[in-house]
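See structure below.
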Amino acid sequence: YSLLLGNLSSPNAASSSRAEQTISLPANASSVILSFRYYGSTNDAAAPGVDDRQFLDIFDASTNQFIVRQFEARNTDRVWLGAQYSLTAYRGRQLRLSFGVNNDGLNARLAMNLDDVSVYFCTSTPTAIATLTPTWTPTFLPTFFPTPTFFPTTTVWPTQTPMPPNQNCAN
């Protein structure tokens, strides 16, 4: 399952969908990495409205002050993508992560599925680890199906920076 933000089924209207989480980053972390996967989509043939956005805003949780829009897209590709950002500069602080989708009510409706949100922190300098390249092995199915069966194509993930190793790191 994943979290759906945005509007795909209701009439097109100016709207905002958000999911927020407050996190505390340890002051002694040598590195902090936020990672997540997202799937941008629309069910309209038109392009998204000029002010339609998928985003991640970061706020200081103790003062409610906006810090940065860390991520912004207008993705309608219907492909799972991964994103990673360093939050090391904010160690020792409480942050509010605010994932969202804004629709301006014009043209297409925009949405985003969000999954696998993680914050990793290390209390010592991590050592480099090898990057693994996923491989695909075909599975042959029995041929007794009465009608042809079509399977979705394999999703190719973009290369990402590897997560911190488990040594002295926590999720």
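The values are calculated or read from the model by the stated rules, or taken from the named source; none is laboratory data. Only a predicted model underlies this, so the values are computations on that prediction, with no experimental measurement involved. Cβ: placed from backbone, ideal geometry, glycine included. Neighbour counts: every protein chain shown. Heads up: the accessible areas ignore ligands, DNA and RNA and are worked out on the full protein's heavy atoms, side chains in. Shrake-Rupley method; radii C 1.70, N 1.55, O 1.52, S 1.80 Å.
Return the total of residues in region 80-109 being modelled with pLDDT under 90, at negative phi and not in a strand (DSSP E or B).
2
Going through region 100-112 one residue at a time, which ones are closer than 15 Å to Thr76 by Cβ and open to solvent by less than 30 Å² (accessible area, probe 1.4 Å)?
Passing the criteria: Val101, Asn103, Ala108, Leu110, Ala111, Met112.
Asp57 - would you say it is modelled with pLDDT under 95 and of a type in the set (D, E, K, R)?
Working: modelled with pLDDT under 95: no; of a type in the set (D, E, K, R): yes.
The answer is no for Asp57.
So which residues in region 1-36 are under 21 Å from Thr88 (Cβ atoms) and open to solvent by 40 Å² or more (accessible area, probe 1.4 Å)?
In the first step, residues of region 1-36 are kept if they are under 21 Å from Thr88 (Cβ atoms); the result is 21-36.
Listed by number, the residues that qualify are Gln21, Thr22, Ser24, Ala27, Asn28, Ser30.
If you check Ser41 against the conditions, is it touching a strand residue (DSSP E or B) at 6+ places or on another chain (Cβ under 7 Å), polar (S, T, N, Q), open to solvent by less than 20 Å² (accessible area, probe 1.4 Å) and farther than 27 Å from Ala170 by Cα?
It is true that Ser41 is touching a strand residue (DSSP E or B) at 6+ places or on another chain (Cβ under 7 Å), polar (S, T, N, Q), open to solvent by less than 20 Å² (accessible area, probe 1.4 Å) and farther than 27 Å from Ala170 by Cα.
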